[in-house]
Amino acid sequence: SSGINAEYGLNKDKFTFENFYKFYKEMLSDRPEVTKVFDDIKAGSRRNYITLDQMVDFLNKYQRDPRLNEILFPHHNKEGTKKLIQSYEGDKSKQKIGQLTLEGFTNFLMSPENLPTNILNLPVYQSMDQPYLTTLSTVHIIRILLVISLWESSVEIYRQCLLSGCRCIELDCWDGEDNEPQITHGFTLCSSIQFKDVIHAINETAFKTSPYPLILSFENHCTPRQQQKMAKYCMDIFGDKLLREP
């Protein structure tokens with residue numbers, strides 16, 4: 001088709017953010033389980049939205065823990081629910097009258113309003129004086145091989161994640177030209193960035209926000225020669241910050 005490019009498989013002029021967002025919404029973000037809940041709340045209505053009363057009822061019946069203290073955590077009311085709808089509904093006309101579309105409902109379900117953990121536990125609340133592996137039962141590895149605007153990778157995303165408090169980063173390492181290891185998402189349209197540039201970015205921001213140890217998880221696809229260069233970059237750039245012995 002006219003949108004296909006021989007080199008990358010995409011026509012960058014046509015692969016705009018607007019077109020990608022439309023594609024994502026229509027093809028990739030279809031959530032049948034969310035649609036079923038949405039339809040159940042509508043109670044068989046053919047309307048494409050949830051009413052204010054229906055949303056209040058849903059929040060109190062299914063989203064509120066009945067064990068909570070009713071004084072500290074009161075039941076949802078129309079006023080508070082309308083503010084919530086205004087926060088997550090994209091259609092301004094529906095915001096004004098307290099109606100929530102499927103897209104707005106999905107936005108709500110994926111928002112901080114529905115965190116899987118207690119919001120009071122987001123700050124450090126456990127003892128951090130224990131051995132590292134006993135304080136972390138699991139480590140959520142955030143893949144930082146994100147695509148910035150038309151598949152262009154950037155070291156900036158590493159800085160942003162570290163400044164937000166991320167403590168574990170995965171580096172997808174591959175052989176690069178001129179014996180320079182690179183980071184990319186293998187077998188995809190992502191461009192590559194030099195390994196040493198990422199290590200510099202990590203070194204600059206690793207402990208700006210958090211004093212706790214940072215784990216670097218290397219998904220290593222490099223030959224021994226370039227692995228040696230990776231090790232040298234880590235030792236030279238991180239210096240005394242690098243834990244070399246147990």
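Derivation of every value follows stated rules applied to the coordinates shown; laboratory data play no part. None of the values given here were measured: they were computed from a predicted structure. Cβ sites come from the backbone with ideal geometry, for glycine too, and all protein chains shown count toward neighbours.
Relative contact order, whole percent, for the range 154-194 stands at 29, derived from Cα pairs under 8 Å and 6 or more residues apart. Remark: C-alpha extents of the range 162-204 on the principal axes read 32, 21, 13 Å, sorted largest to smallest. Summing charges over neighbours of K96, with a neighbour being any other residue whose Cβ is under 10 Å away from its Cβ, gives +1 when K and R count +1 and D and E count -1.
Calculation over all alpha carbon pairs of the range 163-233 in 10 angstrom steps from 0 returns a P(r) of 19, 49, 27, 5 percent. Restricting the GluC sites (Glu not before Pro) of the range 55-135 to loop positions (DSSP other than H, G, I, E, B) with no more than 16 neighbouring Cβ atoms within 10 Å leaves E70. 3J(HN,Hα) along the range 227-242, derived from phi through the Karplus expression 6.51 cos²θ - 1.76 cosθ + 1.60 where θ = phi - 60°, amounts to 5, 4, 5, 4, 4, 5, 4, 5, 5, 6, 7, 6, x, 6, 6, 7 Hz, with x in place of Gly and Pro. Residues whose amide H comes within less than 5 Å of that of D172, counting only those at least five positions distant or on another chain, are T184, E219 (H built at 1.01 Å from N in the peptide plane).
Here the extension length gained between D13 and E180 equals 57.0 nm, from 0.36 nm per residue of separation less the Cα-Cα distance.
Computed over neighbours whose Cβ is under 12 Å from that of K42, the net charge equals -1, Lys and Arg +1, Asp and Glu -1. Structural size metrics of the range 32-80, computed from C-alpha coordinates, are Rg and Dmax of 12.5, 37 Å.
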